[in-house]
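J.: One structure is given below, represented as structure tokens, and several questions about it will come after.
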Amino acid sequence: MAALALAPLTREAAAGCEDAWRDLVARFDPMLRGIVRGYRLDAADVEDVVQTTWIRAYRNLDRLNEPGAVGAWLAITARREALRTLQRGVRELPSAEPQPLDEAGGDAPDDLASARERRAAVRAAVRRLPGRQRDLLSEMLRRPCASYEEIADALAMPVGSIGPTRERALTRLRVDSALASVLQA
């Protein structure tokens, strides 16, 4: 019954009636604030999320299939905006040093065997590359944390050549891999 009463109000708001907008805001703003506060955002973020929800309503109200369900639509939109805000606040913290696969602890024997087989297959594919590409990828596999400058020094190669040579080598590996999978089929 309430949805039937909201449908005309929603249509009027979508048509630009300021009184209808004021009524919608008066009815649903407290609900939106309660929903967003449930995500434990700070006061400024709560304000931003509620404001963004109303902006989305302003832009999309005329597209609602069920104008009477505006309250549910607003609630879902507020939840999604709150989640987006939370996701923007997540930061990745880099670890001190990456751990080589050989030293990773707690892996199942099957996983270790599969990882060893993959590494052997990669090294075999790298050995089939032409000279400079092979040398570069071999060095990068041998020293995964080395900078381009360190690799350039080790290979007596200009730093500016490393990226393009690496890309050509990886492209060749992808093509060879695709060709091998076609031949096996």
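J.: Identify the residue in segment 158-181 that is at pLDDT 85 or above and of a type in the set (Gly, Ala, Ser) and, among all such residues, is farthest from Ala125 (Cα to Cα). Show your work before the answer.
T.: Step one: of segment 158-181, the residues at pLDDT 85 or above are 158-172.
Within this subset, residues satisfying the condition of being of a type in the set (Gly, Ala, Ser) are 160-161, 163, 169.
Numbers: Gly160: 24, Ser161: 21, Gly163: 19, Ala169: 10 Å.
It comes out as Gly160.
J.: Here is a follow-up. Of all residues in segment 151-173, which are closer than 10 Å to Glu139 by Cβ and surrounded by fewer than 16 Cβ atoms within 10 Å (Cβ to Cβ)?
T.: Within segment 151-173, Ala154 is the sole residue that qualifies.
J.: I need a count of the residues in segment 126-150 that are more than 30 Å from the chain's Cα centre (by Cα) and surrounded by 17 or more Cβ atoms within 10 Å (Cβ to Cβ).
T.: 6
J.: Could you tell me which of the residues Asp45, Asp29 is assigned to a helix (DSSP H, G or I), out of contact with any Pro (no Cβ under 9 Å at 6 or more places or on another chain), among the acidic types (Asp, Glu) and touching a residue at least 40 places away in the same chain (Cβ under 8 Å)? It would help to see each step written out before you state the result.
T.: Details: Asp29 fails: touching a residue at least 40 places away in the same chain (Cβ under 8 Å).
So the residue among Asp45, Asp29 that is assigned to a helix (DSSP H, G or I), out of contact with any Pro (no Cβ under 9 Å at 6 or more places or on another chain), among the acidic types (Asp, Glu) and touching a residue at least 40 places away in the same chain (Cβ under 8 Å) is Asp45.
J.: Restricted to segment 24-70, and to residues that are closer than 19 Å to Ala7 by Cβ and small (Gly, Ala, Ser), which residue is surrounded by the most Cβ atoms within 10 Å (Cβ to Cβ)?
T.: Here the answer is Ala57.
J.: Now, a different point. Looking at Asp19, Asp23, Asp45, which one is in contact with a Ser or Thr (Cβ under 6 Å, 6 or more places away or on another chain) and over 13 Å from Ile76 (Cα atoms)? Before you say what the answer is, go through the steps one by one.
T.: On the way: Asp19 fails: in contact with a Ser or Thr (Cβ under 6 Å, 6 or more places away or on another chain); Asp23 fails: in contact with a Ser or Thr (Cβ under 6 Å, 6 or more places away or on another chain).
Result: Asp45 is the single residue among Asp19, Asp23, Asp45 that is in contact with a Ser or Thr (Cβ under 6 Å, 6 or more places away or on another chain) and over 13 Å from Ile76 (Cα atoms).
The values are calculated or read from the model by the stated rules, or taken from the named source; none is laboratory data. Worth saying up front: this structure is predicted, and the values here are computed from it rather than measured. Because the Cβ atoms are built from the backbone with ideal geometry, glycine has one as well, and the counts that use them run over all protein chains shown.
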